[in-house]
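This report refers to the structure that appears directly beneath it.
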Amino acid sequence: MAVSGRFVLLVALGIVPIVLLDDPVLLLGWLAVVALVGTGDLILAGSPRTLALERDLPERVRLGETVFSTLYLANAGRRRIRGIVRDGWQPSAGASPSRARLDLPPGERRAIVTTLTPFRRGERRAAQVTVRSFGPLGLLARQATLELAGAIRVLPPFNSRKHLPSRLAQLRELDGKTSVMIRGQGTEFDSLREYVRGDDVRSIDWRATARRTDPSTGAGPQLVVRTWRPERDRRVVIVIDSGRTSAARIANEPRIDTAFESSLLLGALATRAGDRVDLVVYDRRVRGRVQGATGAELLSRMVNVMAPIDPQLIEMDWSAVPGLVASITSHRVLVVIMTSIEAAGASQGLLAVLPQLTRKHMVVVSSVVDPTIAEATRERSNRDEVYRAAAAERSALDSTRIAAAIRQLGADVVTATPADLPPALADRYIALKAAGRL
């Protein structure tokens, strides 16, 4: 049962004659009348438990996008139901409006549409629907909470996809579709074509030229040259650190979300280049894994695996990373490690296992840089800012020292702000592919 404002106002109206006449009997009489009227109103209210509920909503939505959830209510009872309906979504689902008015005659059905704009990744759930049904006078109401499970998976936003067209254009140039490829390390045979003035004479295929010469016509030989393209079917293994350092928020975004954005852009780019991409999210156990997917299936599986993963407040177990890579493939691959290299203590485990990885694989370490650190080093107008600038300089020096140590161990380092890291990592991949180092 629920009490409305009308009922409270009705009780308060009895104060006026009591104050004027100063008769306590009037108070008891007035309360009895109000209780009788309220009880009758409650009896005449439709029972919310006679409602049949059904929910229709999409399975997935990208973070920041808006979708609609439709709640259908059918009145199987004999009384009209007038009241308020609250669909119990989690606050992070961004449901609006949170409550809706309902006027449902017997035997009819109504639809209530709720707008969902989630602001957190993962499974956003609604477990219950609360219905408050008022009587004809609107004094008292019957209230019931009905079980109706519903869930929507909120995927990473993949905002970095805006950088994909420009990087694909660079890949096309690298692939020889807009420029002639020259044979070298990291290239493979593509096709034969006729010689054009300016081609490298070392690319002439004399056997193919001889086959095209027709002695009966007496025509001169048609020179044929070989064309080359970057090697395809390379392997890219992405390892994302989901330990405690990935929980830090930089530019109002957790580190792990930036790692997801970077891996999505790199995965889309690599699969378009003909390479195979595998993903592992790990701290002390595997939180998510994607293997054997190509094309559009790769991105679909990646975002589905990433969606429910949150940072774990435990230390990353770096000693298991070489074994993870070995369980994926025994061949040489490009290993991209997405972690933090700001703290020397937290990076000791990474530095310890890098020699095992660089001995066989090409390794790139990707890390987010906090833009506020660079800003703090420039602000020194008072004592507090000077101390803050000193701390920022110390942090920048630590990051530089760790990056230098990683390079000495044979790995490459990519650092940038959250907005710049995904395209910077994609550019490094293209540069490595052009240099034939994959």
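The values are calculated or read from the model by the stated rules, or taken from the named source; none is laboratory data. Not measured: the values here are computed from a predicted model. Note that we place each Cβ from the backbone using ideal geometry, even for glycine, and neighbour counts take in every protein chain shown. Remember, those area values only see protein heavy atoms, side chains included, never the ligands or the DNA or RNA. Shrake-Rupley method; radii C 1.70, N 1.55, O 1.52, S 1.80 Å.
Some points to look at:
- Summarised as an ellipsoid, the chain has semi-axes of 66, 31, 18 Å, derived from the eigenvalues of the Cα gyration tensor scaled by 5 and square-rooted, with the largest first.
- Stretching the chain fully between N159 and L31 yields a gain of 39.8 nm (0.36 nm per residue, less the alpha carbon separation).
- Model label points for R62 and A374, set 7 angstrom from Cα along the Cα-to-Cβ axis, are 2.6 nm apart.
- Highest-MSF residue in the chain out of D412, D278, D56 [GNM, Cα springs under 10 Å]: D56
- Applying 1/(1 + (r/R0)^6) with r as the Cβ-Cβ distance of R49 and R272 and R0 = 56 angstrom yields a FRET efficiency of 0.50.
- Per residue accessible area of the range 313-438, 1.4 Å probe, in Å²: 47 Å²
- Full extension of the chain segment joining A344 with A391 gains 15.5 nm, where the gain is 0.36 nm per residue of separation less the Cα-Cα distance.
- Point-to-point label distance, S98-R285, nm (Cα→Cβ direction, 7 Å offset): 3.6 nm
- Estimated translational D of the range 309-436 in µm²/s (Stokes, Kirkwood radius over Cα pairs; 25 °C; 0.890 mPa s): 151 µm²/s
- In terms of packing, defined here as the mean over residues of other Cβ atoms within 10 angstrom, the peptides 12-19, 160-167 line up highest first as 160-167, 12-19.
- For the residues A390, A141, A45, a GNM of the chain with alpha-carbon springs under 10 Å puts the largest fluctuation on A390.
- Angle between the chain longest axis and helix 24-44 axis [Cα atoms, degrees, rounded to 10]: 50 degrees
- Of I337, I84, I406, the one that fluctuates the most in a GNM where the chain has Cα springs shorter than 10 Å: I84
- Binned Cα-Cα distance frequencies in the range 18-131 - 10 Å width, integer %: 12, 32, 21, 16, 11, 6, 1
- Simple rule: put +1 on each Lys or Arg Cβ and -1 on each Asp or Glu Cβ in the chain, find the dipole, and look at L26, G40, Y282; the Cα lying farthest toward the positive end is Y282.
- Crossing angle, helix 383-408 versus the chain [Cα axis fit, 0-90 degrees, rounded to tens]: 50 degrees
- Direction-averaged projected area, Cα convex hull, the range 265-339: 5.2 nm², rounded to one decimal.
- Folded to 0 to 90 degrees: helix 164-174 orientation relative to the chain principal axis, Cα: 10 degrees
- Contour minus Cα-Cα distance for E173 and V8 (0.36 nm per residue): 51.8 nm
- Considering the range 34-84 at the alpha-carbon level, its Rg and Dmax are found to be 17.4, 53 Å.
- Relative pair counts by distance (%), Cα atoms of the range 64-134, 10 Å bins: 20, 48, 23, 9, 0
- Portion, in percent, of the accessible area of the range 17-74 that falls on carbon or sulfur, probe 1.4 Å: 66 percent
- Between M316, N304, V131, the Cα set farthest toward the positive side of the dipole of the chain (charges on each charged residue's Cβ, about the Cα centre) is that of N304.
- Beta bridge orientation in the chain: antiparallel %, DSSP, nearest 5: 70 percent
- Computed magnitude of the charge dipole of the chain (debye, nearest 20; Cβ of K, R +1, Cβ of D, E -1): 940 debye
- Between I18 and E194, the modelled labels are 10.8 nm apart [label points 7 Å from Cα along Cα→Cβ].
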